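Working notes, structure below.
The values are calculated or read from the model by the stated rules, or taken from the named source; none is laboratory data. Only a predicted model underlies this, so the values are computations on that prediction, with no experimental measurement involved. Positions of Cβ are generated from backbone atoms using ideal geometry, with glycine treated the same way; all protein chains shown enter the neighbour counts. In case anyone asks, the SASA skips ligands and DNA or RNA and just uses the protein heavy atoms, side chains included. Shrake-Rupley method; radii C 1.70, N 1.55, O 1.52, S 1.80 Å.
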Amino acid sequence: MRVTKLPVAPTSALKVLMVLVLALTMSACSWFGHKGDPLDTLPLPLLYARAHNDLIHSDYSAAEKAYQRLIARFPSGPFNEQSQLELAYAQYKNNKPDDAYSTVNRFIKTNPLNPHVDYAYYLRGLINFDRTSGVIERAFASERTGAQARRDQGYNLRAFDDFSDLSRRFPDSAYATDARQRMIYLRNVLAQFEINVAKFYLRKKAYVASADRAQYVIEHYQESPQAGDALAILCRSYLSLNQKQQADQVRKVLALNYPDHPYLKDPHWPHSPSLLRKMIPFSGHY
């Protein structure tokens, strides 16, 4: 699912030109003892070649500086547009999500007809997608959904909307399939967050609040794996509120759609986590 590579690469002819240009530039500097910052004097093709070379060699700080200088010195034209997109990618890879998000938004606004604008939408989603993923969570990738569902969901919601924009505007984009997969993942994370909160309210005997959260999952994330848990929590909440008729109806729906759900055999589900489990990082306790 991890598709973060920049979509656009120079043509073969341009690659050859870039190599020759860089070689000549380095030779000229050694011959004449060039002083000062060459980014202030390099012509447009050479400056872009310099920036792109830094990018493909993962020197993102140098690439960012070169792209910014190019955009400032040459404020229009195809080199400028391509540089904006590659600048956003360099900032994203350089762990500057705020700068990258601002750059890609500006690109989308000013270049809506660019042939690679679909990637801009995709990159915007990736920036938000990665904001809530810490280093430790990446190390425990199998537990990522549970860990991330206990964090603030603002960026997940924004990422979901970004990927949704891409899928709606460019359904045939090369990035649409990956975007939809990420939307499914984010949907499940958001649903789990609501379930976590519903369980918390249930333990605190705030049954109206737990029912509201469970109902929200059923209405907005009914295709998520957490829909069964939402029905079970809703049933328990109704029973605790002495609304037996509603509880019976919900239980029938649960039994019909999730016949193996643990609540059907254990009316006390979900159980409060043990103290030991609370002490284990990423154990899924709420």
Quiz item: Ala62: more than 20 Å from Tyr185 (Cβ to Cβ), crowded, with 23+ Cβ neighbours inside 10 Å and either small (Gly, Ala, Ser) or modelled with pLDDT under 95 (or both), yes or no?
Solution: no
Quiz item: Among the candidates Asn105, Asn80, which residue alone is more than 27 Å from Thr41 (Cα to Cα) and surrounded by fewer than 23 Cβ atoms within 10 Å (Cβ to Cβ)?
Solution: Asn105
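Check Ala206, Ala159, Ala141 and return the single one that is modelled with pLDDT of 95 or more and either open to solvent by 30 Å² or more (accessible area, probe 1.4 Å) or among the aromatic types (Phe, Trp, Tyr) (or both).
Ala206
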Quiz item: Of the conditions (1) open to solvent by 20 Å² or more (accessible area, probe 1.4 Å); (2) touching a Leu at 6+ places or on another chain (Cβ under 9 Å), Ser237 fails just one. Which one is it?
Solution: (1)
Quiz prompt | Pairs with Cβ under 6 Å, 6+ apart, first in region 38-50 and surrounded by 13 or more Cβ atoms within 10 Å (Cβ to Cβ), second polar (S, T, N, Q) | solution = Leu46/Thr25
